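Enquirer: Pasting in a structure now, in structure tokens, and then I'll have a few things to ask.
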2 protein chains.
Amino acid sequence: MAARRPQPAASSEAARPVSMADLARELGVSMTTISRALSDHHSIGPATKQAVLKLAKKLNYQPNHLAAALRKGRSQLLGVMVPYIEGRFFASVVHGIETAASRAGYSVIICQSNEDVAQERRNIETLLRAQVAGILVSVSRTTTDFQHFDKVRKHKVPLVFFDRVPAGDGVNAVLLDDRAGAYQATCHLLAQGCRRVAHLGGPLHLNIYKNRRQGYLDALQEYGLELEENLILHSSLTVDSGRESMAQLLALPTPPDAVFSAGDSAALGALQVLKSQGVRVPEDVALAGFSNEALTSVAEPNITSVDQRCEEMGQAAFRLFTELVEADGGALTPRQVVLQPQLFVRASSLHSGVEELHNAQPLA
Amino acid sequence: MAARRPQPAASSEAARPVSMADLARELGVSMTTISRALSDHHSIGPATKQAVLKLAKKLNYQPNHLAAALRKGRSQLLGVMVPYIEGRFFASVVHGIETAASRAGYSVIICQSNEDVAQERRNIETLLRAQVAGILVSVSRTTTDFQHFDKVRKHKVPLVFFDRVPAGDGVNAVLLDDRAGAYQATCHLLAQGCRRVAHLGGPLHLNIYKNRRQGYLDALQEYGLELEENLILHSSLTVDSGRESMAQLLALPTPPDAVFSAGDSAALGALQVLKSQGVRVPEDVALAGFSNEALTSVAEPNITSVDQRCEEMGQAAFRLFTELVEADGGALTPRQVVLQPQLFVRASSLHSGVEELHNAQPLA
DNA sequence: TTGTAAGCGTTATCAC
DNA sequence: GTGATAACGCTTACAA
């Protein structure tokens, strides 16, 4: 005799999970019959099918997905990689993905790159070894070289990027129209009568911040306003950098009458400084942020912000994945899905005399 | 000929992933040798080993975890189920688990029960079918019957509960000492000189809220104070219910001089009502919450709160799992790990004349 | 409608 | 130190 069970189970209890072979033996039929009965195949007698199902339930049979996946050459596992899972944005996107995936019979393997390319590379390897049916990824901040993703394509594993995507249009991706969101927010501030709108921007090597800045610029142009360089300040967009930037803006000979921040935390910092200096919000300075974080509804006044449609992004990413699966061999040209953000207008930007809005108004 | 490749690949490109057999054929050695070389087995010549490794790299060989798992009878997949992944608490716990797991070579499959027992049952089935090496779970709010978990034990799959655990001590679990956290927070309020401390509690059928209430009661007793029933209000602990409860408390003949809320959202609601009625916080009413959510540092004044050690909980849960794996057949008696919460004192509860604290003080 | 048997890619046992 | 080969549990082409 050659190979034996991995765990010979020195103890008395064998406790081996029941397999199709067990069911077949018990019922005196072939494994084929069992397989067909369980997978609802058409050529199977209703009587036999019932018998199999009944026995399966009785013996508490659990199909082994690993074995099926090995045989079929594809698993029901979906790899999802995000920079980190904490924080509203990625958690919500993952929620969206998981919900859609589980409905479609997929299980989600979650990985974090921790904003580290090396970790990102390792995760890709791990996912490929796990034989995932597809990979959905939002790239790390430190990723500039995308070779490790070529490997995914080489293995013919469907690959979808979301939110943070490599430059170029040779990839399948779901992203937010950051430019449009920023444009909407800035236009809203201008529509309130503000004419000196400042901008707190993020690092320009990231697409999202470049686009948000562009949306801001486009809005100014739409209103025929001159661009004032010293009203634009770039930073890491933390609460603290928002404070610093705001202090700087207030020190200008002619301070702004509105601020559009490319992030909510910086908007919060700005708000704190404004209040501490006795500047009224929104009367003296109107304020809008980006991301629609929970804090926007906690700060006083509530902060107007651009919602990123996190959950829809997750759903869209999964849908794109399923399309790739269905297209399979058919060389599908890479597709980019662009989601439209939604402006939530709150008290921090309303000049209309309304003191506070508890329920924010989404603006089409 | 019988069975053939699942995807005969009508197109010209076969693109089959390279297997051990391919390496063996190429090098003219047996598969055994390949396997040994790759898994760093002791009986293998250094020369052959190098040759194998080199060829593997050259042909871009990727081990198939599915096949290995099937053969070995155990995978490197870890099932994690939470009620939902959004929100600071569970996201952080999952972060902790994933970080520890990936370091140890495990991949994490994430599931959400959406607070629904039926979904929870389905998820358990899915995880078992995926042949996970273990399951880490925080049970849904609607779970009262725990039979589906018996199935996990029957399959000899290590099972660890965290935070929300079934009653009884027959399970492996990691939990927070909610009583101690509540006790600390209440004692802190009492130490500030407050003598009429109210309590906003959650649904008592949940252990965590029962324990937080108990901690509150213990603190009162410690200070020799009488329990006043009408200072205790139970609700769902949302922002709105916090508002309602606070309004009710302020309407009392003798309103409280402090409030300990079993949740941060309700504490925020209470704060809003206090401020709108011109009651000074903390001078007239001191305030403390539970969970140390991000909002506690956004609200003005910042809200004192009990931190739940989310990440440590994730790490502890994974560590408990590994212990179970190592103990294996050795019938290990179920173990409960209890984590100590940490009080973050902020401006909402400080009578010492300090107006605001930007950096919260953790209290041992 | 049912059965036979090959094969997915790996690991482990035995023999050399 | 190396090789031959069975086995893990499942799906499926083909035969009956």
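Enquirer: Let me understand the protein assembly as shown better: what is its radius of gyration from the alpha carbons, and its Dmax, in angstrom?
Expert: Rg, Dmax (Cα atoms, Å): 29.2, 92.
Enquirer: I need to check one value: relative contact order of chain B, counting alpha carbon pairs closer than 8 Å and at least 6 residues apart, in percent.
Expert: Relative contact order of chain B: 15 percent.
Enquirer: Continuing with this model, one more query. Treating the beta-carbon of each Lys and Arg as +1 and of each Asp and Glu as -1, no other charges, what is the dipole magnitude of the range B:84-234 about its Cα centre, to the nearest 20 debye? Mind dumping the intermediate values first?
Expert: Details: 17 positive and 17 negative charges, 96 e Å.
The dipole of the range B:84-234 has a size of about 460 debye.
Enquirer: Tell me which of B:THR296, B:VAL337, B:PRO255 sits at the most positive position along the dipole axis of the range B:219-347, charges placed on C-beta atoms (Lys, Arg +1; Asp, Glu -1).
Expert: It is B:THR296, whose Cα lies furthest towards the positive end.
Enquirer: Under a cut-off of 16 Å between alpha-carbon atoms, report the lysines in cross-link reach of B:LYS49, not counting same-chain residues fewer than 8 places apart.
Expert: B:LYS57, B:LYS58
Enquirer: Taking only DSSP H segments of four or more residues, each worth -39500 (n - 2.57), what value at 222 nm results for the protein assembly as shown once the sum is divided by all its residues, to the nearest 500 deg cm²/dmol? Mind showing how you got there, number by number?
Expert: Working: 24 runs with 294 residues, N = 728.
Result for the protein assembly as shown: -12500 deg cm²/dmol, rounded to the nearest 500.
Enquirer: What's the magnitude of the charge dipole for the range B:276-347 around its Cα centre, counting Lys and Arg as +1 and Asp and Glu as -1 at the beta-carbon? Answer in Debye, nearest 20. Each step should come with its number before you reach the end.
Expert: On the way: 5 positive and 10 negative charges, 24 e Å.
That gives the range B:276-347 a dipole magnitude of about 120 debye.
Enquirer: When the accessible area of the protein assembly as shown is split by element with a 1.4 Å probe, what percent falls to carbon and sulfur? Kindly include the intermediate steps, with their values, before the conclusion.
Expert: Working: 16730 of 33350 Å².
About 50 percent, which is the carbon plus sulfur part of the accessible surface.
Enquirer: Related question: How high is the relative contact order of the range B:33-147, in percent, with contacts defined as C-alpha pairs under 8 Å that are six or more residues apart? Write down the numbers at each step before the final one.
Expert: Values: 131 pairs, mean separation 31.4, N = 115.
The normalised contact order for the range B:33-147 reaches 27 percent.
Enquirer: Among B:MET31, B:ALA51, B:GLN62, which residue has its Cα positioned farthest towards the positive end of the charge dipole of the range B:19-63, with +1 placed on the Cβ of Lys and Arg, -1 on the Cβ of Asp and Glu, and the dipole taken about the Cα centre?
Expert: B:ALA51
Enquirer: Another question about this same structure. If you count, for every residue in B:101-113, the Cβ atoms of partner chains within 10 Å of its Cβ, what is the mean? Kindly include the intermediate steps, with their values, before the conclusion.
Expert: Numbers: counts 1, 8, 0, 0, 1, 1, 11, 5, 8, 12, 4, 6, 0.
Neighbouring Cβ atoms belonging to other protein chains average 4 per residue here.
Enquirer: Give me a single rounded figure for A:68-74: the average over its residues of other chain Cβ atoms within 10 Å of their Cβ. Could you put the intermediate results ahead of the total?
Expert: Working: counts 3, 7, 8, 4, 2, 6, 3.
For this peptide, the per-residue mean of nearby foreign Cβ atoms is 5.
Enquirer: Considering every Cα-Cα pair within the range B:19-63, what fraction, in whole percent, is farther apart than 12 Å? Intermediate results must be reported in sequence, preceding the final value.
Expert: On the way: 508 of 990 pairs.
The answer is 51 percent, as a whole percent.
Enquirer: Which order do A:GLU228, B:GLU226 take by accessible area at a 1.4 Å probe, largest first?
Expert: Numbers: A:GLU228 65, B:GLU226 160 Å².
Reading off the accessible areas and sorting them downward yields B:GLU226, A:GLU228.
Enquirer: Moving on to the next point. Sort A:THR143, A:THR333, A:THR126, B:THR32 by accessible area with a 1.4 Å probe, largest first.
Expert: Numbers: A:THR143 15, A:THR333 105, A:THR126 45, B:THR32 75 Å².
Per-residue accessible area, sorted high to low, gives A:THR333, B:THR32, A:THR126, A:THR143.
Enquirer: How large is Rg over Rh for the range B:178-308, taking Rg from the Cα atoms and Rh as the Kirkwood inverse mean of 1/r across Cα pairs? Write down the numbers at each step before the final one.
Expert: Working: Rg = 12.8 Å, Rh = 14.0 Å.
Answer for the range B:178-308: 0.92.
Enquirer: Also: Which order do A:ASP284, A:ASP169 take when ranked by solvent-accessible area (1.4 Å probe, heavy atoms of all protein chains), largest first?
Expert: Numbers: A:ASP284 60, A:ASP169 110 Å².
Heavy-atom accessible area, descending, gives A:ASP169, A:ASP284.
Enquirer: Spelling out what I want: for every residue of the range A:225-242, take phi, set θ = phi - 60°, compute 6.51 cos²θ - 1.76 cosθ + 1.60 (Karplus), and round to whole Hz; glycine and proline get x.
Expert: 9, 6, 7, 10, 3, 6, 8, 10, 10, 9, 7, 7, 6, 6, 4, 4, 5, x
Enquirer: May I ask you to order A:313-323, B:236-246, B:48-58 by the average number of other C-beta atoms within 10 Å around their residues, highest value first? Before the final figure, lay out the partial values.
Expert: On the way: A:313-323: 22.2, B:236-246: 20.6, B:48-58: 15.2.
Per-residue Cβ counts within 10 Å, averaged per peptide and sorted highest first, yield A:313-323, B:236-246, B:48-58.
Enquirer: Have a look at the DSSP beta bridges in the protein assembly as shown and tell me what percent are antiparallel, nearest 5. Spell out each step's value before the answer.
Expert: Values: 15 of 81 bridges.
The antiparallel fraction comes to roughly 20 percent.
Enquirer: Compute the helix-to-body angle for A:178-191: its Cα long axis versus the longest principal axis of chain A, expressed 0 to 90° and rounded to tens.
Expert: 30
Enquirer: In a shell of Cβ-Cβ distance under 12 Å around A:THR143, excluding A:THR143 itself, what net charge do Lys and Arg (+1) and Asp and Glu (-1) give?
Expert: Details: positive: A:ARG121, A:ARG141, A:ARG164; negative: A:GLU115, A:ASP116, A:GLU120, A:ASP145.
Taking every Cβ under 12 Å from that of A:THR143, the sum is -1.
Enquirer: Work out the mean other chain Cβ neighbour count within 10 Å for the residues of B:298-311 and drop it here as an integer. Numbers along the way, then the final one.
Expert: On the way: counts 13, 4, 5, 0, 0, 0, 0, 0, 0, 0, 0, 0, 1, 1.
Average neighbour count from other chains, rounded to a whole number: 2.
Enquirer: At q = 0.09, 0.10, 0.12 Å⁻¹, what base-10 log of I(q)/I(0) does the Debye formula yield for chain B when every alpha carbon is treated as an equal point scatterer in vacuo?
Expert: -0.64, -0.73, -0.91
Enquirer: What is the sum of charges, Lys and Arg at +1 and Asp and Glu at -1, for the other residues whose Cβ falls under 13 Å from the Cβ of B:ILE208? Please report the intermediate quantities before stating the final value.
Expert: Working: positive: B:ARG141, B:ARG164, B:ARG179, B:LYS210, B:ARG212, B:ARG213; negative: B:ASP163, B:ASP177, B:ASP178.
Value of the local net charge: +3.
Enquirer: While we're here: Work out the length of the dipole vector of chain A about its Cα centre, built from +1 on the beta-carbon of each Lys and Arg and -1 on the beta-carbon of each Asp and Glu, and round it to the nearest 20 debye.
Expert: On the way: 36 positive and 37 negative charges, 498 e Å.
Result for chain A is approximately 2400 debye, rounded to the nearest 20.
Enquirer: Return one number: the angle in degrees, 0 to 90 and rounded to the nearest 10, between the long axis of the Cα atoms of helix A:264-276 and the longest principal axis of the Cα atoms of chain A.
Expert: Tilt of helix A:264-276: around 30 degrees.
Enquirer: If I model a spin label as a point 7 Å beyond the Cα along the Cα-Cβ vector, how far apart are those points for B:GLU300 and A:GLU222 in nm?
Expert: Inter-label distance under the simple model: 3.0 nm.
The values are calculated or read from the model by the stated rules, or taken from the named source; none is laboratory data. Only a predicted model underlies this, so the values are computations on that prediction, with no experimental measurement involved. Glycine also receives a Cβ, built like all others from the backbone with ideal geometry; neighbour counts cover every protein chain displayed. Side chains included, ligands, DNA and RNA excluded: accessible areas come from the protein's heavy atoms. Shrake-Rupley method; radii C 1.70, N 1.55, O 1.52, S 1.80 Å.
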